[in-house]
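Heads up, the thing below is written out as structure tokens.
The values are calculated or read from the model by the stated rules, or taken from the named source; none is laboratory data. Predicted model only: the values in this text are computed from it and were never measured. Because the Cβ atoms are built from the backbone with ideal geometry, glycine has one as well, and the counts that use them run over all protein chains shown. Only protein heavy atoms, including side chains, enter the accessible area calculation; ligands, DNA and RNA are left aside. Shrake-Rupley method; radii C 1.70, N 1.55, O 1.52, S 1.80 Å.
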Amino acid sequence: MTIEHDFFGILGSDDDGEVYWSDTAELGDESVEVDLSSPDEDSVSVEALDIAAAMIHAIEEVDSQARESLVADLSAEGSITAKYIDQQVEELGPEALGNALIWDSGDQQIDFLRSLRLQRVGFHPHHNGNEEHFALLDYSISPGDTDALLVVTIDIHGDTIIIATDS
């Protein structure tokens, strides 16, 4: 069985029923890897695919909302975002960090968040309920210098449900 979608084309043609699609999207002057995967095509609805396609078309807005959630996370005690920033500042050192920061407002944490590069957005359309990880946005401050990522997980409504790190 296969699924045909106006934006994604034909999905799910292997024997296991797995669904996979990938491409790139433009975000400003950067290219962002975008993929969609599901282990089982029976659990993927056309509505979830429509929402994923709409999010890809509105990638700038999705990115902006995710960054707002990172700013909001800074105020939480034991913030994952603040820990990631501190770790990367220490790991990269002043020279590499200076090259990575494209903003200089005087607030290092905010400048850091503004300078993050969205590397990848991975959609999981089989997770289409509230509080489920519909998409993962992977951010890096300096992709050439570090493998550490700040990952924002959003639900099908675009609301942040978890912020984590991945090294």
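Out of curiosity, is residue 60 closer than 21 Å to residue 164 by Cβ and open to solvent by 80 Å² or more (accessible area, probe 1.4 Å)?
no
Can you spot a residue in segment 52-72 that is under 30 Å from residue 17 (Cβ atoms) and outside any helix (DSSP H, G or I)?
yes
Which numbered condition in (1) surrounded by 13 or more Cβ atoms within 10 Å (Cβ to Cβ); (2) out of contact with any strand residue (DSSP E or B) (no Cβ under 7 Å at 6 or more places or on another chain) is the only one that residue 143 fails?
For residue 143, the exception is condition (2).
Looking at (1) in contact with a helix residue (DSSP H, G or I) (Cβ under 8 Å, 6 or more places away or on another chain); (2) under 18 Å from residue 151 (Cα atoms); (3) open to solvent by 80 Å² or more (accessible area, probe 1.4 Å), find the lone condition where residue 18 falls short.
Tallying (1) in contact with a helix residue (DSSP H, G or I) (Cβ under 8 Å, 6 or more places away or on another chain); (2) under 18 Å from residue 151 (Cα atoms); (3) open to solvent by 80 Å² or more (accessible area, probe 1.4 Å), residue 18 fails exactly one: (2).
Only one of 44, 34, 71 is touching a His at 6+ places or on another chain (Cβ under 8 Å) and either over 22 Å from residue 140 (Cα atoms) or open to solvent by less than 80 Å² (accessible area, probe 1.4 Å) (or both); which?
Selected residue: 44, the only one of 44, 34, 71 that is touching a His at 6+ places or on another chain (Cβ under 8 Å) and either over 22 Å from residue 140 (Cα atoms) or open to solvent by less than 80 Å² (accessible area, probe 1.4 Å) (or both).
Among all residue pairs at least 6 apart or on different chains, which show Cβ distances below 9 Å where the first residue, located in segment 81-104, is part of a loop (DSSP other than H, G, I, E, B) and the second is modelled with pLDDT of 90 or more and open to solvent by 100 Å² or more (accessible area, probe 1.4 Å)?
Short answer, once both residue conditions are applied: 101/114; 102/114; 103/114.
For segment 153-163, indicate whether the set of residues that are touching a Ser or Thr at 6+ places or on another chain (Cβ under 8 Å), within 24 Å of residue 18 (Cα to Cα) and in contact (Cβ under 8 Å) with a residue 12 or more places away in the chain is non-empty.
There is at least one residue in segment 153-163 that is touching a Ser or Thr at 6+ places or on another chain (Cβ under 8 Å), within 24 Å of residue 18 (Cα to Cα) and in contact (Cβ under 8 Å) with a residue 12 or more places away in the chain.
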